Amino acid sequence: MVEILMIEDDPEIAELLAEYLAKFNMKLVNFESPTEGLKALEGHKYDLLILDLSLPEMDGIDVCREITQRNIDIPIIVSSARNDDSDKVLALELAADDYLAKPYNPRELVARIKALLRRAKPQGQSDKSDNSFVVKKDEFAIYFKGEKLDLTTAEYEILALLIDNKNRVLSREFILKNTTTMDYESIDRSVDVIISRIRKKIGDDPREPKYIKSIRGIGYKFVE
C-alpha cells in the first residue's frame, strides 16, 4: 500500500481525499499543523507528501525549505489555491516535484501520484503496491492495480477465495463448497469457465498465467 502524508489545514478536504485515495490502495494521513507534519516525516518513511501552501504556523514554502535543509528524501506534490506564479516557481525550485492548483479533479491527483512514484522508483525495482490485489469485503469488491475490477458475484467469490488462500492449491470441489453462487450455476458457468473470465479481466495469460495457476487434475492456486 502506498503511504501518503498530507499537510492540509482543511480537515474536510483531507477526509474526502483519504476516502477517495483508499480506492486506489493509497493510505493518506493528514496533519493540519506543518510542525507536526514535519515531525511525522522524520519519524516514518512515507512514499509521498501532498502539501498545501497556506498553512497555520508556517507557510508551505517554508515547509519546502525545511525539508531541503533536513535532507528529507520524499516526492512532493504542492496542492494550493494560490495562483501566483512566483509561489509555484519557488516551491518547485526548493523541493516540490509537482504543483496542482485547487480545485482539481481527484482522479488527476491519483494520476500525478502514480507518475511521480514511477519516476522516484529506482530503475529495475518492481512496484508491488501497483500490482497488488486488495479485497474489500465490506464493498463486495476487489481492486487490482488500484482499479476496481468489474466482477460478477461468482467471479468475486472465486477470486476472493483464491486470494484468501494464496499459495494454497484449491480443488474445484473446495471452491464449489465455499462459494454461495456456484452450487446452482448452470454447467456453462462452471469453475473453469469463471476462472477463464477472471483471467481475462486481470490480463492473466491462460498459457502462462502469472496469478492463477492451473494444477492439473486438481484445481487452481493463486500466487502474487
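The values are calculated or read from the model by the stated rules, or taken from the named source; none is laboratory data. Everything quoted here is computed from the prediction, not taken from an experiment. Here Cβ is always computed from backbone atoms with ideal geometry, including for glycine, and neighbour counts include all displayed protein chains. Heads up: the accessible areas ignore ligands, DNA and RNA and are worked out on the full protein's heavy atoms, side chains in. Shrake-Rupley method; radii C 1.70, N 1.55, O 1.52, S 1.80 Å.
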About the Cα centre of region 1-122, what is the dipole size in debye to 20, counting +1 per Lys and Arg Cβ and -1 per Asp and Glu Cβ, all else neutral?
-> 780
Which value in deg cm²/dmol, rounded to the nearest 500, describes the helix-derived mean residue ellipticity at 222 nm for the chain, given -39,500 (n - 2.57) per DSSP H run of n ≥ 4 and division by the residue count?
-> -11500 deg cm²/dmol
For region 33-77, using Cα atoms only, the Rg and Dmax in Å read 9.6, 25
Per residue, how many Å² of accessible area does the chain show with a 1.4 Å probe?
-> 54
With the dipole of the chain worked out from charges on the C-beta (+1 for Lys and Arg, -1 for Asp and Glu) around the Cα centre, which of 219, 152, 72 lies farthest toward the positive end?
-> 219
Report Rg(Cα)/(2.2 N^0.38 Å) for the chain, keeping two decimals.
-> 1.28
About its Cα centre, the chain carries a charge dipole, from +1 on Lys and Arg Cβ atoms and -1 on Asp and Glu Cβ atoms, whose size in debye to the nearest 20 is 1680
Out of all DSSP beta bridges with both ends in the chain, state the antiparallel percent to the nearest 5.
-> 45
Using the charge dipole of the chain (Lys, Arg: +1 at Cβ; Asp, Glu: -1 at Cβ; taken about the Cα centre), state which of 206, 55, 140 has its Cα farthest towards the positive end.
-> 206
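For region 38-161, compute Rh as the Kirkwood radius over C-alpha pairs and then the Stokes-Einstein diffusion coefficient at 25 °C and 0.890 mPa s; write the answer in µm²/s, rounded to an integer.
Stokes-Einstein gives a translational diffusion coefficient of 146 µm²/s.
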Any idea what the relative contact order of the chain is, in percent, if you count C-alpha pairs under 8 Å spaced at least 6 apart?
-> 14
Once phi for every residue in region 20-36 is put through the Karplus expression 6.51 cos²θ - 1.76 cosθ + 1.60 (θ = phi - 60°), the whole-Hz ³J(HN,Hα) values, with Gly and Pro written as x, are 5, 5, 4, 5, 10, 6, 10, 9, 10, 10, 10, 10, 6, 8, x, 4, 5
Express the carbon and sulfur contribution to the solvent-accessible surface of region 13-145 as a percent, rounded to the nearest whole number, probe 1.4 angstrom.
-> 48
